Amino acid sequence: AQKITQTQPGMFVQEKEAVTLDCTYDTSDQSYGLFWYKQPSSGEMIFLIYQGSYDEQNATEGRYSLNFQKARKSANLVISASQLGDSAMYFCAMRDLTGANSKLTFGKGITLSVRP
Amino acid sequence: DAGVIQSPRHEVTEMGQEVTLRCKPISGHDYLFWYRQTMMRGLELLIYFNNNVPIDDSGMPEDRFSAKMPNASFSTLKIQPSEPRDSAVYFCASSSRGFTEKLFFGSGTQLSVL
């Protein structure tokens, strides 16, 4: 069964600094996708970045990058040059193909607070 | 595209009443998911559909919950009878097929059962 683990307590970072949010996962599948979503206080779920299990390069999307270490089954999100608007809940998620079906499993999330 | 549309945005009801949440997925998407979010349990997958067929409903808490997808553009999640512990934010999401495909989420329905 899929499992996503996010164990960090609430994280704090100074504005303009970088921060890493940890995520480990467990799956027996060879093909899977890893996703990060952001949920600000307004409640919407915002897609940030995607990493495929076969991708050799770490994914990047603007200030977001994913530190993907397949052997360690970790997919940490790195946010560079933090902004006040980055304060939110961050969820790591995994999607694989089990037979013909494909669902997205989320971790518990990490709260990030950016200090001015 | 208008994105995933959920209604209502907020629902306040009394214990024992029937509650129906609605979702319109993005046109062309094969998959539709219903999630529930609470502080204690985080984001839980309740049920998901592939081409209107329920695939996995193992996350549905109990028989009081039911979900349908009568066509590709509409789904409902029904709670009957509702209980205070059902209070949560319910998200609908849709996606194309494949593990590379991200989910697009609706704005959610904030349900309060008094």
Which members of the stretch B:21-49 meet the condition of being more than 14 Å from the chain's Cα centre (by Cα), free of Cβ contacts under 8 Å to residues at least 60 places away in the same chain and open to solvent by less than 40 Å² (accessible area, probe 1.4 Å)?
B:Gly42
Restricting attention to the stretch B:68-91, does a residue exist that is within 11 Å of another protein chain (Cβ to nearest Cβ), at pLDDT 95 or above and buried (at least 20 other Cβ atoms within 10 Å of the Cβ)?
yes
Strands (runs of 3 or more DSSP E) enclosed by the stretch A:32-116 - at least 1 residues per element that are open to solvent by less than 30 Å² (accessible area, probe 1.4 Å) and among the hydroxyl-bearing types (Ser, Thr, Tyr)
A:32-39, A:74-79, A:88-96
Any residue in the stretch B:54-65 that is surrounded by 19 or more Cβ atoms within 10 Å (Cβ to Cβ) and touching a Pro at 6+ places or on another chain (Cβ under 8 Å)?
no
Being charged (D, E, K, R) and modelled with pLDDT of 95 or more is the filter; apply it to the stretch A:11-31 and report the residue that is surrounded by the most Cβ atoms within 10 Å (Cβ to Cβ).
A:Asp22
Residue within the stretch A:28-50 that is away from chain B (no Cβ under 13 Å) and touching a residue at least 12 places away in the same chain (Cβ under 8 Å) present:
no
Would you check if there is a residue in the stretch B:92-99 being within 14 Å of another protein chain (Cβ to nearest Cβ) and open to solvent by 40 Å² or more (accessible area, probe 1.4 Å)?
yes
Based on what the data block shows, is B:Glu18 at pLDDT 95 or above, open to solvent by 70 Å² or more (accessible area, probe 1.4 Å), among the acidic types (Asp, Glu) and on the phi < 0 side of the Ramachandran plot?
yes
Could you pull out the residue among A:Phe35, A:Phe47 that is touching a Cys at 6+ places or on another chain (Cβ under 9 Å), of a type in the set (Phe, Trp, Tyr) and within 15 Å of A:Leu77 (Cα to Cα)?
A:Phe35
In the stretch A:1-26, what residues are in a strand (DSSP E or B) and closer than 15 Å to A:Met94 by Cα?
A:Lys3, A:Ile4, A:Thr5, A:Thr24, A:Tyr25, A:Asp26
So, in the stretch B:42-67, of the ones that are within 9 Å of another protein chain (Cβ to nearest Cβ) and not polar (S, T, N, Q), which residue ends up nearest to A:Thr111 (Cα to Cα)?
B:Gly42
Among (1) more than 14 Å from chain B (Cβ to nearest Cβ); (2) in contact with a Ser or Thr (Cβ under 8 Å, 6 or more places away or on another chain), there is one condition A:Arg95 misses while meeting the rest; what is its number?
(1)
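The values are calculated or read from the model by the stated rules, or taken from the named source; none is laboratory data. Predicted model only: the values in this text are computed from it and were never measured. So basically every Cβ, Gly included, is an ideal-geometry build from the backbone, and we count neighbours across all protein chains shown. Each accessible area value is taken on the protein alone, full model and side chains, heavy atoms only, with ligands, DNA and RNA left out. Shrake-Rupley method; radii C 1.70, N 1.55, O 1.52, S 1.80 Å.
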